[in-house]
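A.B. asks: Attaching a single structure in structure tokens format; questions to follow.
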Amino acid sequence: MALLDLLETYRQPLALVAGLSLVFYLLSRLHQQWRQHRFAKENGCEPVVGKIRNYDPFFALDRLYFLGKAAKERKLLENNIKRFKDYGNTHRGQRITTPMLVTCDPQNIKTFLSLKFNDYSMGDRIQIFGPLLGHGIFTSDGEDWARSRHMIRPNFVKEQVAHLEIFEEMMDDLFALIPADGSTVDLQELFFGYTIDSATEFLCGHNVHSLKKRRSGVVDGEPDFAEAFNYSLDNISKNGRYGPLMFLNQHPKAVESHRVCQKTMDQFVDKAIKLRENAGNEKVVDETAERRYMFLYGLAQQTGDRRRIRDEVLNILLAGRDTTASLLSNMFFLLAKHPETWAKLQEEVATLEGRAPTYDQLRNMKYLKYCLNETLRLYPVVPVNSRTAIKDTVLPVGGGPDGQSPVFVAKGTAVAYSVYAMHRREDFYGPDAEEFRPERWIDLRPGWEYLPFNGGPRICVGQQYALTEAGYVTTRLAQRYSILESRDPGPWEEKLTLTLCSHNGTLVSLRH
Ligand code: HEM
């Protein structure tokens, strides 16, 4: 009642303030539009002609429904390519209320990832990944990101990633899980186990032994890190699709899984910090740390901030685990369908005369490299990605009727890019762009039109590590099994979560 009285008393001045605020808002919007118009004109920008049509012009909710349906039918990427055919290599769209530009043009991609890196941020990644990853290299921007990158980079120099004995030790577990009688095995499941074991060993000096557990069939009752990590990632990747509506995807099991992952990491971090504090005291120097370089120990030497170290390691685990496993799974799916390629790989590994390859030998195996490149071209592990403009800026192409003029990008616009569509463009890769043909790499030297590891300042920091691991596992499998046969009668179908792998796994038979 008192409030109503008050409103009544001050009705006129309040109406005046509201009116003035409205006028001020409209004038500042007009001024902003005028400034943007002038900026666009100065830079020769033309409007982008193609626009994804939505039935709901306000929130584009029909798009969400359509994406959900395409995800269920495993046709997100097929539709992605179709959209570029329908609307052009750079077109407009809408993500709930956020304006969006979508591109598969290397000139544009080079511009926002590299030339005008500082005009863009990672958008809502911290909100999506934060509950599990906190603040680390993958989830931060600006100065914070630069600090993380600076701290992590030295851990990936050649001397650190060339420790092939980690990979060799785990090959026994992998071999043991492949049926000796040539019956069908899903290699994809095994590769995911292999990479979480190797990543936890490399990063924390503590292998979570998911392959050994699978091998022995023993259930120890302990909360399982690999299982919790899988659940957390699934939940996070759904959040990514929900965007601002991610509050609809809250599950107590996700909170518990995040907790299990963080608690497990905390134990490793504490051990590394203790090692640092006791450096020089021979009695407490851990055997593992002495035996080989340990990433976590490297971080603990740079900071004593427990939470910071944990977040960084979880960030790298996320960036590094599923990616390499997906590359291996997709590649073996393709190799199993292309016996002539497997035969050529066999010839190449035969030069090692059965011995495990050294780091330099791996780097010199050309045909292996062609197979890895070709798999990453057809099935880039991170097929679609995005950035958000943090100031008014310009992209070089996509405007005007012929799509060749520069394009104005207003602050707040989401710029989505499809490496998947770009890698299949016939104008770059020829009329057989959709085919798996490793031989094309004999004389192919692509620039920004080939981008499986991203480019610019945020280029994948683990590229060499990933290629070494994938190359090593492939070589050892090719040395042991002369026959690789597909046991999947159907074509490859997408499973697109945070990374891209095969919906039906990698069903094969391997024989000597
Ligand atoms: C085949 C395997 C891999 C592929 C295709 C791949 C691809 C990528 C891509 C596309 C990005 C850019 C993401 C973005 O900025 O939005 C990235 C970033 C990153 N990758 Fe990889 N990656 C692979 C393996 C690895 C491995 C094994 C590690 C570490 C052990 C790793 C660590 C990272 C990190 C830390 C970043 C963030 C870099 C930054 O933002 O400065 N990656 N990777």
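The values are calculated or read from the model by the stated rules, or taken from the named source; none is laboratory data. Just so it is clear, the model here is predicted, and its values are computed rather than measured. Positions of Cβ are generated from backbone atoms using ideal geometry, with glycine treated the same way; all protein chains shown enter the neighbour counts. Keep in mind that these areas ignore ligands, DNA and RNA; they rest on the heavy atoms of the full protein, side chains included. Shrake-Rupley method; radii C 1.70, N 1.55, O 1.52, S 1.80 Å.
A.B. asks: Out of GLU449, GLU439, GLU426, GLU435, report the one residue that is within 24 Å of the chain's Cα centre (by Cα) and more than 16 Å from the ligand (Cβ to nearest atom).
C.D. replies: GLU435
A.B. asks: Here's a follow-up. Restricting to the stretch 304-318, what's the tally of residues that are open to solvent by 10 Å² or more (accessible area, probe 1.4 Å) and either away from the ligand (no atom under 11 Å from the Cβ) or touching a Phe, Trp or Tyr at 6+ places or on another chain (Cβ under 7 Å) (or both)?
C.D. replies: Number of matching residues: 7.
A.B. asks: For the subset of the stretch 348-394 comprising residues that are in a helix (DSSP H, G or I) and more than 16 Å from the ligand (Cβ to nearest atom), which member is least open to solvent (accessible area, probe 1.4 Å)?
C.D. replies: Of everything passing the filter in the stretch 348-394, VAL349 is least open to solvent (accessible area, probe 1.4 Å).
A.B. asks: What do you reckon, is ARG458 within 12 Å of the ligand (Cβ to nearest atom), open to solvent by 20 Å² or more (accessible area, probe 1.4 Å), in contact with a Phe, Trp or Tyr (Cβ under 9 Å, 6 or more places away or on another chain) and of a type in the set (Lys, Arg)?
C.D. replies: The answer is yes for ARG458.
A.B. asks: Further, regarding this structure: Show the residue pairs meeting these rules: Cβ distance below 6 Å; 6+ apart or different chains; first residue within the stretch 155-167 and closer than 21 Å to HIS206 by Cβ; second residue in a loop (DSSP other than H, G, I, E, B) and within 10 Å of the ligand (Cβ to nearest atom).
C.D. replies: If the second residue must be in a loop (DSSP other than H, G, I, E, B) and within 10 Å of the ligand (Cβ to nearest atom), the pairs left are PHE156/VAL461.
A.B. asks: Read through the list (1) more than 14 Å from ASN315 (Cβ to Cβ); (2) open to solvent by 20 Å² or more (accessible area, probe 1.4 Å); (3) within 11 Å of the ligand (Cβ to nearest atom), then give the number of the only condition that VAL157 fails.
C.D. replies: (3)
A.B. asks: Output the helices (runs of 4 or more DSSP H) that fall wholly within the stretch 56-139 and possess 3 or more residues being charged (D, E, K, R) and open to solvent by 30 Å² or more (accessible area, probe 1.4 Å), or say none.
C.D. replies: Ranges flagged: 61-72, 76-87.
A.B. asks: Scan the stretch 16-38 and give yes if some residue there is under 26 Å from CYS501 (Cα atoms), in contact (Cβ under 8 Å) with a residue 24 or more places away in the chain and open to solvent by 30 Å² or more (accessible area, probe 1.4 Å), otherwise no.
C.D. replies: Within the stretch 16-38, not a single residue is under 26 Å from CYS501 (Cα atoms), in contact (Cβ under 8 Å) with a residue 24 or more places away in the chain and open to solvent by 30 Å² or more (accessible area, probe 1.4 Å).
A.B. asks: If you scan the stretch 480-512, which residues turn out to be among the polar types (S, T, N, Q), open to solvent by less than 50 Å² (accessible area, probe 1.4 Å) and away from the ligand (no atom under 16 Å from the Cβ)?
C.D. replies: SER486, SER509
A.B. asks: Restricting attention to the stretch 133-154, which residues are charged (D, E, K, R) and within 12 Å of the ligand (Cβ to nearest atom)?
C.D. replies: Within the stretch 133-154, ASP141, ASP144, ARG147, ARG149, ARG153 meet the criteria.
A.B. asks: Which is within 22 Å of LEU500 (Cα to Cα), among the small types (Gly, Ala, Ser) and away from the ligand (no atom under 13 Å from the Cβ), of GLY130, GLY93?
C.D. replies: Criteria check complete, one pass: GLY130.
A.B. asks: Let me ask something additional. Looking at the stretch 404-418, which of the residues that are open to solvent by less than 10 Å² (accessible area, probe 1.4 Å) and of a type in the set (Gly, Ala, Ser) is farthest from the chain's Cα centre (by Cα)?
C.D. replies: ALA414
A.B. asks: Can you confirm whether ALA325 is within 12 Å of the ligand (Cβ to nearest atom), open to solvent by 40 Å² or more (accessible area, probe 1.4 Å) and either at pLDDT 85 or above or in contact with a His (Cβ under 8 Å, 6 or more places away or on another chain) (or both)?
C.D. replies: Here the answer is no, as ALA325 does not meet what is asked.
A.B. asks: Conditions: (1) part of a helix (DSSP H, G or I); (2) under 30 Å from GLN160 (Cα atoms); (3) open to solvent by less than 50 Å² (accessible area, probe 1.4 Å). GLN464 meets all but one. Number of the miss?
C.D. replies: Condition (3) is where GLN464 drops out.
A.B. asks: I would also like to ask the following. With respect to GLN12, determine if the residue is of a type in the set (S, T, N, Q) and open to solvent by 90 Å² or more (accessible area, probe 1.4 Å).
C.D. replies: It is true that GLN12 is of a type in the set (S, T, N, Q) and open to solvent by 90 Å² or more (accessible area, probe 1.4 Å).
A.B. asks: Here is a follow-up. For ALA416, indicate whether it is at pLDDT 95 or above, within 16 Å of the ligand (Cβ to nearest atom), small (Gly, Ala, Ser) and not in a helix (DSSP H, G or I).
C.D. replies: Taking the combined requirement at face value, the residue satisfies it.
A.B. asks: Now for a separate question. What pairs come out if I take residues in the stretch 140-152 that are of a type in the set (A, V, I, L, M) and pair them with residues that are more than 9 Å from the ligand (Cβ to nearest atom) and outside any helix (DSSP H, G or I) whose C-beta lies under 9 Å away, six or more apart or interchain?
C.D. replies: MET151/THR303
A.B. asks: Between a first residue in the stretch 49-64 that is among the small types (Gly, Ala, Ser) and a second residue that is assigned to a helix (DSSP H, G or I), which pairs have beta carbons less than 8 Å apart while being 6 or more apart in sequence or on different chains?
C.D. replies: GLY50/ASP86; GLY50/TYR87
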